[in-house]
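The values are calculated or read from the model by the stated rules, or taken from the named source; none is laboratory data. Quick caveat: nothing in here was measured; it's all calculated off a predicted structure. FYI the Cβ positions are ideal-geometry reconstructions off the backbone, even for glycines, and counts take in every protein chain you see.
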Amino acid sequence: MPANSIAFDNLTKRFGQTVAVDAVSLAIAGGSFVALVGASGSGKSTLLKMINRLIEPTEGRVTIDGRDVADGPAPTLRRRIGYVFQGVGLFPHMTVAENIAIGARIAGDTVDIGAALDQVELPRDVADRMPDELSGGQRQRVGIARALAPGAKLLLLDEAFGALDPVTRDALGTEIRRLHADLGLTTVLVTHDMAEALLLADRVLVMSNGRIVADATPAQLASGGGGEEAQALVAVPREQAERLRALAE
Ligand SMILES: Nc1ncnc2c1ncn2[C@@H]1O[C@H](COP(=O)(O)OP(=O)(O)OP(=O)(O)O)[C@@H](O)[C@H]1O
């Protein structure tokens, strides 16, 4: 498998009586773009956070290129894995430049802030601004720049476009896809939006009650494959598209 592949091996997480992730075994090829979709509470975020050890499994393990993520210190692991979530979590009292550099600085490295801003198509003059002087979409771009600044080759996105207007959301999605290709990333995107998953990912995993109930390509899903639960989710954007088409007739 190409570098930066991820594997789940009987991965389970229980919170008391709740089985958030239920014995998931699955491999994600290095360089692929995988979307994880499913209803609220189906276990998507829990599965994602076990990759960068924000959550530790109850049973089973996650490996990256065959090595257990639990081997070695979590901060070292997290420098390899960019993580962007809804709300971004920029430090409000630090400038954009300081926010982007923080991960690398802690590790004793420096970051080319201009290049990091170029990468996410932000003007270089935002470097000295504070996060609350940016739009939501710009803040999200800073979050992506920060996640990738330490040279991460894996990118985890947890509803990263969730709070944005549809136009900004679409533009950021396209940009993430470009960054994914340009930087040769392995990307895992958690989203409740099947249309976003179909348009951005190479492979769509559907979660339900802690299990992966469908594993298909966007083309397979669009042509009716993937099973009942997947098709129930595909029906939403399909019906919207049909209603729009009907309006034009
Ligand atoms: N820290 C926690 N303590 C107890 N239960 C938790 C905790 N985190 C998650 N859960 C439970 O685990 C299950 C899976 O949650 P998770 O956040 O992974 O779902 P999700 O699919 O990401 O949902 P959403 O789309 O709403 O973010 C849910 O039943 C949730 O209530």
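Computed values, structure above
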read-out: Extreme residue, farthest from residue 8 (Cα to Cα), among residues of the range 196-249 that are small (Gly, Ala, Ser) and within 16 Å of the ligand (Cβ to nearest atom); value: 232
read-out: Any hit, the range 126-134, residues being β-branched (Val, Ile, Thr), in contact with a helix residue (DSSP H, G or I) (Cβ under 8 Å, 6 or more places away or on another chain), within 16 Å of the ligand (Cβ to nearest atom) and at negative phi; value: no
read-out: Condition met for residue 168 (polar (S, T, N, Q) and either over 14 Å from the mean Cα position of the chain (by Cα) or surrounded by fewer than 15 Cβ atoms within 10 Å (Cβ to Cβ) (or both)); value: yes
read-out: Any hit, the range 68-84, residues being within 13 Å of the ligand (Cβ to nearest atom), under 30 Å from residue 221 (Cβ atoms) and either loosely packed, with under 15 Cβ neighbours inside 10 Å or in contact (Cβ under 8 Å) with a residue 40 or more places away in the chain (or both); value: no
read-out: Selected residue [closer than 21 Å to residue 147 by Cβ, modelled with pLDDT of 95 or more and either within 11 Å of the ligand (Cβ to nearest atom) or loosely packed, with under 15 Cβ neighbours inside 10 Å (or both)] from 47, 26; value: 47
read-out: Residues of the range 91-109 classified as modelled with pLDDT under 90 and not basic (Lys, Arg), total; value: 7
read-out: Leading residue by the ranking (surrounded by the fewest Cβ atoms within 10 Å (Cβ to Cβ)) among those in the range 1-11 that are without any contact (Cβ under 8 Å) to a residue 60 or more places away in the chain and in contact with a strand residue (DSSP E or B) (Cβ under 6 Å, 6 or more places away or on another chain); value: 10
read-out: Cβ-Cβ under 7 Å pairs, at least 6 apart or on other chains, the range 33-47 side on the phi > 0 side of the Ramachandran plot, far side near the ligand (Cβ under 6 Å from one of its atoms); value: 38/44; 43/20
read-out: Filter result for residue 33 (within 19 Å of residue 155 (Cα to Cα), surrounded by 15 or more Cβ atoms within 10 Å (Cβ to Cβ), of a type in the set (Phe, Trp, Tyr) and within 12 Å of the ligand (Cβ to nearest atom)); value: no
read-out: Test result for residue 14, more than 16 Å from the ligand (Cβ to nearest atom) and either touching a His at 6+ places or on another chain (Cβ under 7 Å) or of a type outside the set (A, V, I, L, M) (or both); value: no
